[in-house]
Structures are given as structure tokens and as C-alpha cells.
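Below is one structure, written out as C-alpha cells; the observations come after it.
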2 protein chains.
Amino acid sequence: MTHPLFAKHEDTLKNALDAIASRGYWSPFAEMPSPKVYGETGNADGEAAFKAHLDHEFPLDQPSTGDWIGAEQSPFGFALGVRYPKADVDALIGAAAAAERSWRKAGPEAWAGVSLEILARLNRASFEIAYSVMHTTGQAFMMAFQAGGPHAQDRALEAVAYAWDELRRVPAGAHWEKPQGKNPPLAMRKRYTVVPRGIGLVLGCCTFPTWNGYPGLFADLATGNTVIVKPHPGAILPLAITVRIARDVLREAGFDPNVVTLLATEPGDGPLVQEIALRPEIKLIDFTGSTQNGTWLERNAHQAQVFTEKAGVNQIVVDSADDLKAAVRNIAFSLALYSGQMCTAPQNIYVPRDGIRTAEGHASFDEVAQAIAGAVQKLVADPARAVELIGAIQNDGIARRIDEARSLGHVLADSQTLEHPAFPQARVRTPLVLQFDAAKDSAKFSGEWFGPISFVIATDSTAQSLELAASLAARHGALTLSVYSTDEATIEAAHDAAIDGGVALSINLTGGVFVNQSAAFSDFHGTGANPAANAALTDAAFVANRFRVVQSRIHVAPREQSA
Amino acid sequence: MTHPLFAKHEDTLKNALDAIASRGYWSPFAEMPSPKVYGETGNADGEAAFKAHLDHEFPLDQPSTGDWIGAEQSPFGFALGVRYPKADVDALIGAAAAAERSWRKAGPEAWAGVSLEILARLNRASFEIAYSVMHTTGQAFMMAFQAGGPHAQDRALEAVAYAWDELRRVPAGAHWEKPQGKNPPLAMRKRYTVVPRGIGLVLGCCTFPTWNGYPGLFADLATGNTVIVKPHPGAILPLAITVRIARDVLREAGFDPNVVTLLATEPGDGPLVQEIALRPEIKLIDFTGSTQNGTWLERNAHQAQVFTEKAGVNQIVVDSADDLKAAVRNIAFSLALYSGQMCTAPQNIYVPRDGIRTAEGHASFDEVAQAIAGAVQKLVADPARAVELIGAIQNDGIARRIDEARSLGHVLADSQTLEHPAFPQARVRTPLVLQFDAAKDSAKFSGEWFGPISFVIATDSTAQSLELAASLAARHGALTLSVYSTDEATIEAAHDAAIDGGVALSINLTGGVFVNQSAAFSDFHGTGANPAANAALTDAAFVANRFRVVQSRIHVAPREQSA
């Protein structure tokens, strides 16, 4: 008996399985906020739904203390005023454990079917989620829609597909028959039951609450675990809407909605997170955030499988260029996009101090550095257009970091405060670009400066640039590495450096693909091979340990008589 | 270009892939030590090869301090006198890291091909390994041959098959082409490189050095890692022979033989193991042994993926029986086999204090307990036959544990010292069976008493037996659970208890299959779902995190022009 939700979404799942195998372009979720796809009133309805949350209680029929909690601030300059039910850890864990009893028995088809139905509903809520992402993360609307909506849904679907791909390879049963020479064979019937781990804890971040939160959430669900979603206190709403939709689907499908619950918090929730992360019932933890917190989880939450994405230093090696202008435009866009508040945004740009070869002849280090800085400044020259690219700064800590960084070295492009035409109170800063020298500034550029902060760094040679890139990635972590070169041998050397550093490589990006972007079903986001992440989104290792198999065996009559 | 060793063994690999998917009976390695399969002189040659090692140096052309080390004692009563090259940790890690550079570039087909060729050669050395296993572990010859030879090779092949099954799903490259409406599509060529973790450390045990050591060793090799094999100081020879064969194959195939090295030690090697286990270069650890050491690794070796098999309490629930005599014979055999020194051997046997239903009518608790004890005593009544079943006690600690246990409760079958007809100095003890009461003795039977020590425990009911079995497995770990019942509802309840305890269940074993036995390609050994092991032999989770994928991407011309 195929579960009806599995039957409903089986084609989508099949296409996703094909996509993760062939890794070409594919997505079932339209990335353009088009009225043709999302309905003529989709945008207006979504914005209205978002606005209806503001200054209201966000009801969820899950265990609650009766108090309400929440202190989200839009980076565009206003308090959201949304209040979520306050939950205590014991009650939430108790509810999740109780929900697990029937959920785990539902089996892989139900887990996949329910997960896929949740995703279909999330897709329909893409505008509501987009406005929620925008006003918690500071992303401009288009990115909030795409990364917070369809692209996050893609990453979730990818996790469901990987989970299913593993689960479908565990047979429900087997007939085992071992010949015994002249005696009758030994024959047994075996039964294999997929047993989820228990309760998963998803710890969200404040910049990409859905994109980074969905893979763990859906990997857990699709392998039969229950999930407690603990958003970053600064970006609760997008995940609260997600949890509400998940609970609706679960309830309609006849399951206890406490399979998915929300743990909303306010700033200063560190002790609470540490308390729940060490509870014996928590068997899976998915975390995106700081190296300090991620490493603490890896080293202390021994009872759980811990998946982390932490800080890293993303790097660009400039060796030579056929079209320097196009290269520089592409780099500048990557630096400006969402004010560098992407875990994939470049920070260190290495250029040989003797300059580089270009199609128009030699370009000095200063010419390259000025070209990058100039391209950044050009992108943000018009505030009205700039804010649609750079969005707002998520929190004051990042704004302060820009000020701190300004004094570190020679300023190539200074960070400006812009006034947002629509949100005058928005926290908007243009990117800061500094100049460093590898010979004396390595202490300054060896760690992550999260935000719109980047460094053009003079090196002795491309060989030194690659060596720096590989060793920094290996030691401090990195999610992206980019190289510009017209020389095949240098590109191969960059490939070797990427392998040594365990980091994904982009080569000669000059068009409409940016190093910050990672395409679901095709690009592995993170490798798990350097300190920036202990897992990749998504691969078999991300899902295979979220369930176990318990078998039974009993003698049965042999099918074949031995001679 | 298919690697020649991959081509040579491709059929075996294909059959193994079919076997892990269908999980029926299959093995390419003959389990009977038959001259027809292993050659007329196979046994004699293997014994001669074993004897040639005794009191000699065991040469290995790997980094060595120049000293020789080794203090193995045969449980059958003599010192082996084999001396192995002493290695220091720095030199071994340096050599493994150097070997990794070319090995990791060889790619999945070479890793699989070399692994399979090593296995083929190990199979030909099964007699030499059998005698080495016998005289380090204390196993009787037949078990030493089967479990130490072909069955261990099966488990290794299973790990290679799982590794290949994951690796083959990572494409070498992809063409990604994303439509851009009226503009030309974005097109990229992507390249995916499998990157091994680095150096694996395999920590062997003293009872099943090959059977428990091979899965980690071959999972590491088949995913491109190098491996340092650190046998238990009491059971070096079987793994030393294995390392020698692996190095021969590597050398012949043109690889640096230091892809596999041996770290031989003497008793008291704990500080050395802790030192190497924390080295940053060690990225994978496979451990079989005590809960104390395994838990230490899990909690401290944060730089590595740690796979452990630790202690557990295996249990039998007796509810009712169609054929009590057959049930009791089967149980007694499981208790006696290799003197209970199997991680799968039962320890706690729960019987309702009011007795059970049998085909011959009601049997009281005492009748069942006496029947089990009597069957054990019958099995070991004739010393010459007994020693071929119970083998020898691996070490003095186990012999002392028998003496310690004897005073814990009412003795149903006392442990006797037997004289081995062929080895008068052998340390041979028959099984000890005690009687406990669940109402007052739970502290005594809640931990593992490794060795030929078992308890028949009176419970209030089968429901209590199952509750005890599930909770003990969940809290203290277990690899096996066995139930005897003629009642379908009880069998289903046992199934639920097995899932709660995360332990494999065997039902009504009365014939030629014993609960201690786990068949490669069909039975998952361990579940990873209780404290006895954090992984199963073998499943996707056992291999998927032993490698990572590093990708690159570059623009190419679109294949299709958009309209």
C-alpha cells in the first residue's frame, strides 16, 4: 500500500533522484517570483500574510508555558513584534518523543510523502516566507524570495531524495538459503526495519534560516525522525511559518503534529541551546553558525550525530585574464551581493604583486586592485539600485566589524552608509575593500571577517597565492575558491590546491554565475573536508547515519531441496 | 581505462553488490577447509607457514626503528616468539602521508581493484591465517579457519562493495545548463573528485583480529585512504600477515606499499594508542574492544571519524517452545562456542519463574534452567570433542573472571578446567552457568561478563523479560537478542523490544544457525542504535563518510540555444 502522499509526489522524487545522479540543472520550484507561476495575487497575498504576523502572536498548538517570546528586528529598521509560544525543553522533548512512536512506524514512503507535501505547501508560501526572510536577514527582496523560497526548497528536496536513495536500498525482507552439502539447506526469512535515530535538533542561522535550515530538517523527517527547530533568535519567522505548515500537513495526514515543533528564543539563548543539545534524547543536530558554537557541539554533544557549517575564509586567486573587466565585474558582484553576508562570499583576493597578463597586455597589481574596488563602487553608486543588491546589514555586530576592519590596511573602497529609499531606518553599508600584502599581513587575513569586508592581497606569485589558498582552507576552512587564469597548467594547479584545501573551485567566472551561488542537485555546498563544515549539502554521508536498521530472522522451509 | 585489477575482479564485485541489495546467501570464499578448494597441500602448507613464523623475525620493509617487538602467547600454551619491526608513530604517519599523495589520485577503480586483489590473496593464505588466528585468539581450528579466513574475507568484500556502491554514484563530471528565458542558457562543465579523508587507524581486538579488523581496513582502502593497522598486542600475527599481503599487492600494482603499514606493540600500549589516535593526520579510526577504550576514542578523537564496537549484554528470552530440547541444544551450543568469547554470545537468559509452555506440556523454571545447564555439560563432557568447540580462553583475565563470577549466584553448571589432548598447556575452561532472579540480581547481570559466563534469570513474565531485554540493550548495548516463543503476539512484542533496544533479533533458533553467527551480505552485525556499537557491519553509513567530494566548475558553450 503506497502512502497517498508518496504517490502524489512520486514523479517529483523520481526526477530529483535522476538529478542528484546526473547533477545537471533541474528544479521543480520556479525561482522567478512570477505571477504566472505563483498567481496574480501571490506577491500581494504573501506580503499581506507577512504583515499580518507583525505585532501579533504566532499561534502554534504545541506544548507551551503559556508565555510568549520573540524580539526580532528587521535590518530594514523596525521591530517585527511577532510573539511565539514559549516552550520549555522538557515539554518539547516529551512531545517529540511521544510523536516519534507512531511516526517511526509509518515507514519510508510515509516519511518521504509527508516531506514532499510539506515542500509543495512551502512553495506556495514562497512570498510570505520571502518577506519574512527579507525582514529578518536583511536580504533584498529578490534574494529573499529565491534563496529563502525555491532554492531552499530545492535543497530540502535534495535531502529528501538522498534520504530516499539510501532507504530504498534497504530491502524490507530477504530469503536467505545456505546450501549444506548433502543435507537440506538452511533457510531463513529476514526482516529489516529502518529505525530512525530519535529527535533531531535544527539550529538555524540569522542569514539564511531556510536555505541552511531545511536540509537538516528534511533529512531528519525523511528518515523518520522528529525535529525540534530552534531558529536563531534574530530570524524566527521564516522557520516558524515552516513549522506551522509542516504541522498542518502532519495533522492532515493523521500524524501527531509534534513530529515538528518550534523552540523560539530571544537573544542570549546560549545556555538553553547547550542544555538541549546535550539531552540524551537529541540524537541528531544540524547547526549553521559560528566556529565557536559549532566546535562546542562537535566536542560535547557526544550522544548525537552533529552536522555543522561554521566560519571559513573564501578566496579568489587572480593569475591572468582574457577579459579583466568581466572578471572584475563578476568579483565585485560577489563581494556586494547581500553585503558579503553569505557563507560562500569571497574575502581574500590574491593578486601577484608584479601584476598579471590580460588580453589587453600587462596589468599592474594596483591596476587590478583599483579595478576591483572601482567595480564595487560602481555597483553601489546608485542607492536605489544598490539596496536591491546589497540589502541590509543583519546585525550591529557586522556593522561594527566594518568599522573595526577599516583601520587594518590601505582602503581601496570605503564602506558608505546608504539611505534605503523605502526603509529610511535600514542598516545599509556598501562593501569595504582593503589592500594587504601577503608578506606582512597574514595575521589580518587568516580569519573570517564576516560581512562586506574583503582584501586584495599582493603575493609573490600565483604559486604563492595557490599555496596560501590551499593552506588557509585546510587550516581555517573555506566553502569556495575561485581562480582566474588563462593558463591550463595554472588551472590544474588550482584544482590540486582545491583538493588539498578540500574546497569547491570555480574557474574563470565572468558571466551570470557567481562563486557565492551553489546550485542544488548539482553543486555540493561545503565538502566536509575542511574546518568550514563537517558535512556537505547534500550527499550520502549527510543522510546515511540518520537512521539505523534493525533486523530479525527466523527459520523457514527451504525453497530448493539440495541434491 | 579500467584498472586491470578492477577488470580482473569486476564479476566478484558485481555479485557482491547484488548480494548486499538482495541480502540472500552468497559468498565467493569457500568456508570449508577443503583440499578440493584450497589445494591438497593447503592445510599442511599453511601450518608450515605458520610454524615458520614462530620464534622468528617477521620482516616488513616499512619504516622501523631497527628494534623488534612482540610478546604473543598462544592460549594453547606456548609463546609465539614472533618479532615484528618496531615503528615509531611519527615515521609511520609520515610514510602513510607520503603514500597517500599518489594513492588518492589513483581513483575508485584502482582502490577497489587493489582491495579485491588483496582479498583474493588473503583467501589463498586462509590456512596460514587460520593457524595464526587459532594461536592468538584461542579459537579451535575450524572456527579460526572459517571466521578468521573466508568469513572475515566476506566481511571485507562487503565493505568494498558498499564503498563502491557509494563511489559509483558520484559522477566524474556533469554538464549543467540553466535556461535564461530569452537569453542563451548558462552552461557549465563540472568535475567531481573523490577525496579520501587521509590516514585511517584500525585498532584490532584479540578475539577476532581479522573478522573485526577487515571491515574498517577495507572500507578505508576502497575509499582511497591509507591505513595504519595496530593489532591488539595479543593477536598481531593474523594482521601482520594481512599487512604483508596488502603491501605485496600494492607494490606489484605500482603503489607505495606504505599505503598499509603495521604498528606492532606489546602489552601496555594504551598511551601509545592514545597518542596516535589524537594525531591530526588520523582521520578515521575503527576500533573493536572495551567500552572504556571505545568511549574514550569517541569523546576525544574529534579530528577523526570514529567507528566503534564495544561491550554489550546479549540476551535470550524464553517464552514457550515447540521443541524445548532443540531450543536448549541450540542455546547451549551458543554458550559453548569459543567459550562465549564472541561479542555476539548470549549472556542473560530470561525464563518466567512460573515456567513455560512446551509441546510436551508445562516446564517449570527449574526444568528449563536444568535443561540448559545439562545441555552445556553434555556438549563439553568429552574433552577431545569439547576443545574443538570451546577452544581456549584467550587470556588470564577471562579465566579470572570465571572464578569471580562463580560466587555471584547459584551454580547451574560449573566451569571445569579441561586438558587439551594436543596442547596440554592450553587454558581450557568449560562454560559457567548461574541462576539469578530478576527481582534482586539485576546489578549482577546488567553489565557484560565477557567469557563463558551466562545467567538463567527468573522473571515475573515474558513481558518483563522483553522489557528487561529492551532496556538493557538500549542502556548498556547488545549485539544480539534471541526469543523462543510459539505465540505470534509474543514474537511481535519481541520485534518491538528489538527495535526499542536497537538490537538484531533471532527467533526460535533450533537448528544449524546460532545467534552468535552473523552472515555477511545478509545480516547487519551491530546496528549502531545502542551503546554496543556506533556503526553496523556494513551499511552505507559505515563507508559514506570515509571520503569527500571536491568539485570544480567552469563555463562552457551551451548545448542548446534558447528560443
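The values are calculated or read from the model by the stated rules, or taken from the named source; none is laboratory data. Keep in mind that this is a model prediction, so the values were computed, not measured. Here Cβ is always computed from backbone atoms with ideal geometry, including for glycine, and neighbour counts include all displayed protein chains. All accessible areas refer to the heavy atoms of the entire protein, side chains included, with ligands and DNA or RNA removed. Shrake-Rupley method; radii C 1.70, N 1.55, O 1.52, S 1.80 Å.
Some values worked out for this structure:
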| read-out | value |
| --- | --- |
| Anisotropy class of the range B:270-374 from Cα gyration tensor, a/c 1.5 cut | prolate |
| 3J(HN,Hα) from dihedral phi, the range A:200-210, Karplus parametrisation 6.51/-1.76/1.60, rounded to Hz, x for glycine, proline | x, 10, 10, 9, x, 10, 9, 10, 9, x, 8 |
| About the Cα centre, charge dipole magnitude for the range B:315-507 (Lys/Arg +1, Asp/Glu -1 at Cβ), debye | 740 |
| Inter-copy separations for A:Gln416, label at 7 Å along Cα-Cβ, nm, ascending | 9.8 |
| For chain A, calculated [θ]222 nm from helices alone, where every DSSP H run of n ≥ 4 adds -39500 (n - 2.57) | -13000 deg cm²/dmol |
| Computed FRET value (nearest 0.05) for A:Glu275 with A:Leu54, which takes r as the C-beta separation and R₀ as 25 Å | 0.25 |
| Gyration tensor verdict on the range A:315-507 (Cα atoms; rounded if a/c is under 1.5, prolate if a/b is larger than b/c, oblate otherwise) | prolate |
| Gyration tensor (alpha-carbon) shape descriptor, the range A:314-354, a/c threshold 1.5 | oblate |
| Point-charge dipole on Cβ atoms (K/R +1, D/E -1) for the protein assembly as shown, about Cα centre, debye to 20 | 620 |
| Nearest residue to the symmetry axis between B and A, taken on chain B by its Cβ, in whole Å | B:Ala544, 2 |
| Cβ-vector label at 7 Å, A:Lys325, separations to other copies in nm | 9.8 |
| Area buried, chain B against chain A - accessible surface, total, 1.4 angstrom probe, square angstrom | 5900 |
| Nearby lysines by direct alpha-carbon distance to B:Lys190 (threshold 21 angstrom, same-chain neighbours under 8 apart not counted) | B:Lys105, B:Lys178 |
| Centre separation in Å (Cα based) which lies between the range A:235-289 and the range B:240-291 | 42 |
| Placed amide H near B:Val317: partners under 5 Å, 5+ positions off or other chain | B:Tyr350, B:Ser482, B:Val483, B:Tyr484 |
| Mean accessible surface per residue for the protein assembly as shown, computed with a 1.4 Å probe while every protein chain stays in place, in Å² | 35 |
| Dipole of the protein assembly as shown, positive direction: furthest Cα of A:Gln551, B:Gly198, A:Ser442, with charges on the beta-carbon | A:Gln551 |
| Rounded to 5, the percent of DSSP beta bridges in chain A classed as antiparallel | 40 |
| Antiparallel bridge percentage (DSSP; both residues within the protein assembly as shown; nearest 5) | 40 |
| Across the identical copies, how the B:Glu47 labels are spaced - nm, sorted shortest first, 7 Å along Cα→Cβ | 9.1 |
| Qualifying lysines (Cα of each under 27 Å from Cα of A:Lys51; at least 8 residues distant if same chain) | A:Lys36, A:Lys86, A:Lys230 |
| Alpha carbon centroid spacing (whole Å) that separates the range A:441-492 from the range A:365-388 | 21 |
| In Hz, Karplus ³J(HN,Hα) per residue of the range A:157-171 (6.51, -1.76, 1.60; θ = phi - 60°; x = Gly, Pro) | 4, 4, 5, 5, 5, 4, 4, 5, 4, 6, 5, 5, 8, 9, x |
| Cβ-based charge dipole, the protein assembly as shown, positive-most Cα from A:Ile245, A:Thr41, A:Gln370 | A:Thr41 |
| Restricting the range A:388-441 to trypsin sites (Lys or Arg not before Pro) in coil, as DSSP defines it, with at most 15 other Cβ within 10 Å | A:Lys440 |
| At least 30 Å² of accessible area lost relative to the chain alone, listed for the range B:142-184 with a 1.4 Å probe | B:Arg169, B:Pro171, B:Trp176, B:Lys178 |
| Chain A, accessible surface, carbon-and-sulfur percent (1.4 angstrom probe) | 51 |
| Share antiparallel - DSSP beta bridges, the range B:373-515, percent rounded to 5 | 35 |
| Amide hydrogen neighbours beyond the local backbone of B:Leu186, cut-off 5 Å, H modeled | B:Lys178, B:Gln180 |
| Alpha-carbon centroid distance for the pair the range B:158-229 / the range A:542-561, whole angstrom | 25 |
| Residue among A:Gly289, A:Asn300, A:Asn330 farthest towards the positive dipole end of the range A:273-337, charges placed on Cβ | A:Asn300 |
| Pairwise FRET efficiency - B:Arg475 versus A:Ala44, Cβ, R0 = 45 Å, nearest 0.05 | 0.20 |
| Amide H contacts under 5 Å for A:Ser461, placed H, 5+ residues apart | A:Arg353 |
| In the range B:321-416, the GluC sites (Glu not before Pro) that fall in loop regions by DSSP, at most 12 other Cβ within 10 Å | B:Glu360 |
| Within straight-line cross-link reach of A:Lys325, lysines at Cα separation under 21 Å, skipping those fewer than 8 residues along the same chain | A:Lys378 |
| Nearest-20 debye value, the range A:410-510 charge dipole, Cβ charges on Lys, Arg, Asp, Glu | 540 |
| Label-point separation, A:Lys378 to A:Thr65 (7 Å along Cα→Cβ), nm | 5.5 |
